[in-house]
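See below for the structure under consideration.
Please treat every number below as a calculation from the coordinates, not as lab data. All of these numbers come straight from a predicted model, not from anything done at the bench. Every residue, glycine as well, gets a Cβ built from its backbone with ideal geometry; the counts of neighbours run over all protein chains shown.
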Amino acid sequence: MQHENDIPPWYKQFWPWFLLGILGFAVVIGMGLLYVSLLNPDSMVKDNYYKEGRAINMHMGRDDLARELELSARFSIDELTGDVSLQLDGQLQTLPPRLLLEIMSPTHAERDRSLELRLVSANQYTGQLPSSIQGRHYIDLSDPSRLGEDGWRLTGEVTLEMGQQHLLSAK
């Protein structure tokens, strides 16, 4: 009987506090991860999947028209000024006075850029990016005055590097 009195109560022993410490540590880490995830939400690159899905046939028609017109474009971005110069080639009857160049990041929506290019001579267009941009991007070039099924578009995936020439062609 005397041996039972020598056992200290549970709160004075090591193992219950060790196990409770592990559980407490897991709760603290979980709350920390929840806090970080609430501060840094994932950005959606395209948040209108339904509309994009419905418009897939329209996009394919625009690509087909670009292929029929044998359109291609070469563009470069100046490293210092951010000037974009583009040369549009193909069988267009009249060149549009403006083009819309969309530069889309595959992972971060806040890095997407939309740029209006203006016709400066023959088949040369120019515009200016507000900030430098590098890395892998999706490119979409179209005539903003002919949207929908009446229009054309050139698309591509390029690794943008300042000062280099990039090619878009109808696929």
Under 37 °C and 0.692 mPa s, how fast does segment 61-169 diffuse according to Stokes-Einstein, given a Kirkwood radius computed over C-alpha pairs? Answer in µm²/s, whole number.
234 µm²/s
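Using the crude model of +1 on Lys and Arg Cβ and -1 on Asp and Glu Cβ, and no other charge, please compute the dipole size for segment 61-169 relative to its Cα centre, in debye to 20.
Values: 10 positive and 18 negative charges, 27 e Å.
Approximately 140 debye in magnitude.
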Report the residue, chosen from A122, A73, A109, that carries the largest GNM mean-square fluctuation when the chain is represented by alpha-carbon nodes joined by springs under 10 Å.
A122
Fewest-first ranking of L99, L92, L65, L23, using other Cβ atoms within 10 Å as the exposure measure:
L23, L92, L65, L99
Could you put Y125, Y35, Y11, Y138 in order, starting from the residue whose Cβ has the fewest other Cβ atoms within 10 Å?
Y11, Y35, Y138, Y125
Report, to the nearest 10°, how far helix 14-39 tilts away from the longest principal axis of the Cα atoms in the chain, using its own Cα long axis and a range of 0 to 90°.
20 degrees
Fewest to most neighbouring Cβ within 10 Å: what's the order for H108, H166, H137?
H108, H166, H137
Between helix 56-68 and the chain, what is the angle of the helix's C-alpha long axis to the longest principal axis, kept within 0 to 90° and rounded to the nearest 10?
40 degrees
